[in-house]
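Data first, discussion second: the structure below is written as structure tokens.
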Amino acid sequence: MDPTLTIGRLARKAGVNVETVRYYERRGLIARPPRAPNSVRRYGAEALARLRFIKRAQQLGFSLEEIAQLLRLERTRSCRAAHDLASQKLLLVDARLADLRRLRRVLAGLIAQCEVGEQRGRCPIIESLTD
């Protein structure tokens, strides 16, 4: 790998947009490298690794605030705190899954009623949304 990357090459290798890199810099998630006189900023392998870390954490449902916490924990090697953060995230995922199962039951019931209601000139789905 090229030891230094322009912001465009860094973004492409990480699979993000250049504006995303700049946004993460503003949020303090990645360091903004110094600019040499009459030159562009150059990013190293650490910036690419950091962007990939952020993307993986987002795929697991962590917010940017939580990712910032994880990055701080990475420096201190605090596995217990990372465990606690991930456990909280798991509780939220379980709650969302329960909500989605409930939503699925309601939608399936409305669809079943709609098939019968259509024969009577009414739509239970639309009626349920207007009630």
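Figure legend. Inter-residue proximity from the stretch 67-83: first residues assigned by TED's automatic domain parsing to the domain that holds residue 29 and surrounded by 10 or more Cβ atoms within 10 Å (Cβ to Cβ), second residues of a type in the set (Gly, Ala, Ser) and assigned to a helix (DSSP H, G or I), beta-carbon distance below 7 Å, spacing 6+ or different chains. Indicated pairs: 67/57; 70/57; 70/82; 73/81; 73/82. Would the stretch 90-104 turn up any residue that is closer than 30 Å to residue 128 by Cβ, among the acidic types (Asp, Glu) and exposed (fewer than 13 other Cβ atoms within 10 Å of the Cβ)? Yes. Restricting attention to the stretch 107-121 and to residues that are exposed (fewer than 11 other Cβ atoms within 10 Å of the Cβ) and in a helix (DSSP H, G or I), the residue that is modelled with the highest pLDDT turns out to be 108.
The values are calculated or read from the model by the stated rules, or taken from the named source; none is laboratory data. Computed from a predicted structure; not experimentally measured. Neighbour counts are summed over all protein chains in view; Cβ atoms, including those assigned to glycine, are modelled from backbone coordinates with ideal geometry.
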